[in-house]
Amino acid sequence: MKAFFVSAALVMGLLASGAAEAKLVSQTVEYTHDQKTMQGYLAYDDALAKPAKTPAVLVYHAWMGIGEHERDWANKLAGLGYVAFAPDIYGKGIRPADPKAAGEQATIYRNNRPLMRARAKAGLDQLLAHQLVDKTKVGAIGFCFGGGVALELARSGAPIAGTVSLHGNLDTPNPADAKHIKGQVLVLHGADDPFVKPDQVQGFSDEMRNANVNWQLNAYGGAVHSFSDPQAGNDPKAGAAYNPEAAKRSWKDMTSFFAALFSHH
C-alpha cells in the first residue's frame, strides 16, 4: 500500500535551543488511490522518533504539482516539530511543465469536487497512518489550487482541526457543505489578487457565516496571487507575484494559528 524512499540524505540542522543535534528526515512517499499511484513528500525531525504523538500538517500543492515551494514549507514545518506531508493530487509522474498544462490538470479536479476530495482524503489517510502522528491534531494548508483542495477537504467533514488557505481558490459548488467543517479556518489572501475576486471572497465569507464556522480572513495589502512563492516572479501586474512582506506575514499567521490550535511551540 505504501512505500517510503529517502529522497534526500538526512539534512543536518540544529534544534532552536542549539543544545542538541537534530536531523530533518525527508522522504518521497508512494501510496495509492483508486488503484493509481500517488507520490507525496514527507518531512519530520528524527528527534520525534519516540512514543509521544505529534501534531501534523498536510501541505496541498499549487497547480504545478508538488515542487520546491511545497517541500520548503513542509521542511520548515518539520523544523518546528510537526510531521509535514505534501499529498499528491495529480498522481505519480503527472507534473505539469507549463501553466497551460497546469490549468488543464487543475480543471479536472475543480470540475469534479468528489474526486478532488477523495484525492485529498487519500493524502490525509496516508498521514494519519504514520506512527508519529497524533490523529487528533492534524491541520491542512494549501497554496492556490491547493488552498481550494484544503478547503474542500474541510467541507467534506474530514477530521481536520484547522485549515489554512494561502492565496487559494475560495469558491465551491457546494457552499451548504460548510456545515460539515469540524475545525477552524484561516484564509490568507492577497487583497489585490485578480484571480480570487472580491465577489468570490464575499461568497466565501457568506458561506462561512451561514454555517457558523470558526473562521478568519487576513487580506494583505498590495499582494496578488501566489504571494508566498519566491518562484512566482516579482511583477504584480502579471496577477501572480512573490511579495516578501506578505510571505513573511502569512508564515507568521499560519504558524501562530497552529500553535494556538495545538498548544504546540
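Coordinate-derived values only; no laboratory data. As the structure is a prediction and not an experimental result, all values here were calculated from the model. FYI the Cβ positions are ideal-geometry reconstructions off the backbone, even for glycines, and counts take in every protein chain you see.
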Members of region 143-180 that are in contact with a Ser or Thr (Cβ under 6 Å, 6 or more places away or on another chain), small (Gly, Ala, Ser) and within 19 Å of Gly103 (Cβ to Cβ): Gly147
Within region 225-265, considering residues that are assigned to a helix (DSSP H, G or I) and of a type in the set (D, E, K, R), the one farthest from the chain's Cα centre (by Cα): Lys237
Residue in region 30-88 that is farthest from the chain's Cα centre (by Cα), counting only those that are closer than 30 Å to Gly103 by Cα and of a type in the set (S, T, N, Q): Gln35
Residue in region 125-135 that is in contact (Cβ under 8 Å) with a residue 24 or more places away in the chain, β-branched (Val, Ile, Thr) and either surrounded by fewer than 18 Cβ atoms within 10 Å (Cβ to Cβ) or part of a strand (DSSP E or B) (or both) present: yes
Failed condition for Leu151, given (1) more than 22 Å from Asn214 (Cβ to Cβ); (2) in a helix (DSSP H, G or I); (3) among the hydrophobic types (A, V, I, L, M, F, W, C): (1)
Pick from region 72-111, criterion aromatic (Phe, Trp, Tyr) and surrounded by fewer than 24 Cβ atoms within 10 Å (Cβ to Cβ), ranking: nearest to Lys135 (Cα to Cα): Trp73
The listed residue being touching a His at 6+ places or on another chain (Cβ under 7 Å) and touching a residue at least 12 places away in the same chain (Cβ under 8 Å), out of Gly203, Gly146, Gly162, Gly142: Gly146
Residue among Gly168, Gly222 that is surrounded by fewer than 23 Cβ atoms within 10 Å (Cβ to Cβ), free of Cβ contacts under 8 Å to residues at least 40 places away in the same chain and either part of a loop (DSSP other than H, G, I, E, B) or of a type in the set (Lys, Arg) (or both): Gly222
Among (1) closer than 20 Å to Ser250 by Cα; (2) over 13 Å from the mean Cα position of the chain (by Cα), the one test that Gln131 misses: (1)
